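A short worksheet on the structure shown next.
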Amino acid sequence: VLGTGSGILVPEASGNWLDLDWTVDEGDHFLWRHRFDRLSLTVPLGGAIEMSVGRQVVSWASTFILTPADPFTPFDPADPFREYRAGVDAVRFQAYPGPFSEIDVVVRPVSTVDGDQMTALARGKMTWRSWDVGVWGGVLFDEPAGALSLVGALGPWAVRSEVAVRSEADEVIVRGTVGVDRLFSVGGRDLYLVAEYQHDGFGAASSEDLFEVVMSDPFLRGELQVLSRDVLAVQASYQIHPLWGVDLLTITSLVDGSVLLSGGGSWSVGSNSSLRGGFFIGIGDDAVDPDAGFGSEFGAQPNVGYVSISHFF
């Protein structure tokens, strides 16, 4: 099954072809496993062209929180470690025709619930009148797909948008997000606001459809970040001190009214280390009926608190 880890686990893109994980030790009350999430070889092909083969990070997202046009490993919004993206097994060609343009080709065989499938996509990016424009197209899970992204500014606000058109089970599916973000100065410190709205044709149009979405191929392939067709995400981050920061994120299902509330604080312990504590709270109808499905998307979300230490070396 394809997908990524969620909650407070390090994300992993399953469905990868390379066997790069193993069990180090195992006992009655513990299991110690290890894996390589980055293992690739990059070869210059002359000029401004290079080829990469192996497990590597590929991100084509243009928005921050909800990224329906990223065809590889979108983040789980209920994952506190959003700076770490899972690697995928692929062959990648990158070319840079000019200082503000890029061509990216990715070929990725995957193993899904429907058997072995192929993803082969090409993307072009360029700057046009102060706007970053991106277009990709090709075959995604054996089906034709294409996307367009625009990133620019309207006055003091940054505007980010992306829309993907997919073919799935002989249907045309549209998935898209539009968002704005801005940096304010409050009390002599930085306050950063992000707001994004997503419409996802793969999502549920009502709470009665949530269980059907959970059993769908796009969800099982790890493509869906949320279950509802229409979602609003708002995030605020504030710098209390150069070493301290707090943030709050709300993701609201516009289908059933449920809310995922998450937030926390971070402390830069050293130049390579950070300490973070946070929480996730689901608000909404928490009913789970074996026959009728879920009462709401986020109502059944367990309340979680966590503390983590990250060290980079």
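The values are calculated or read from the model by the stated rules, or taken from the named source; none is laboratory data. These numbers come from a predicted model, not from an experiment. Quick reminder, even Gly has a Cβ in these numbers, built from the backbone with ideal geometry, and neighbours come from all protein chains shown. Keep in mind that these areas ignore ligands, DNA and RNA; they rest on the heavy atoms of the full protein, side chains included. Shrake-Rupley method; radii C 1.70, N 1.55, O 1.52, S 1.80 Å.
Some notes on this structure:
- Summing Cβ point charges (Lys, Arg +1; Asp, Glu -1) relative to the Cα centre of the chain gives a dipole of roughly 1620 debye.
- For the range 175-313, the dipole from Cβ point charges (+1 on Lys and Arg, -1 on Asp and Glu) about the Cα centre works out to 900 debye, to the nearest 20.
- Order by protection proxy (mean Cβ within 10 Å, highest first), peptides 112-120, 28-36, 250-258: 250-258, 112-120, 28-36
- Accessible-area composition of the chain, carbon plus sulfur, in percent [1.4 Å probe]: 62 percent
- Accessible area of SER216 (1.4 Å probe, protein heavy atoms only, ligands and nucleic acids ignored): about 30 Å².
- Of the residues ILE309, GLY146, THR112, the one whose Cα sits farthest towards the positive end of the charge dipole of the chain is ILE309 (charges of +1 on Lys and Arg Cβ, -1 on Asp and Glu Cβ, taken about the Cα centre).
- The range 233-254 and the range 62-131 have Cα centres lying 25 Å from one another.
- Using the rule -39500 (n - 2.57) for each DSSP H run of four or more residues, divided by the residues of the chain, the 222 nm mean residue ellipticity is -500 deg cm²/dmol.
- When each of the peptides 41-49, 145-153 is scored by how many other beta carbons lie within 10 Å of its residues on average, the order from highest to lowest is 145-153, 41-49.
- Per residue accessible area in Å² of the chain, where ligands, DNA and RNA are left out and the probe is 1.4 Å: 51 Å²
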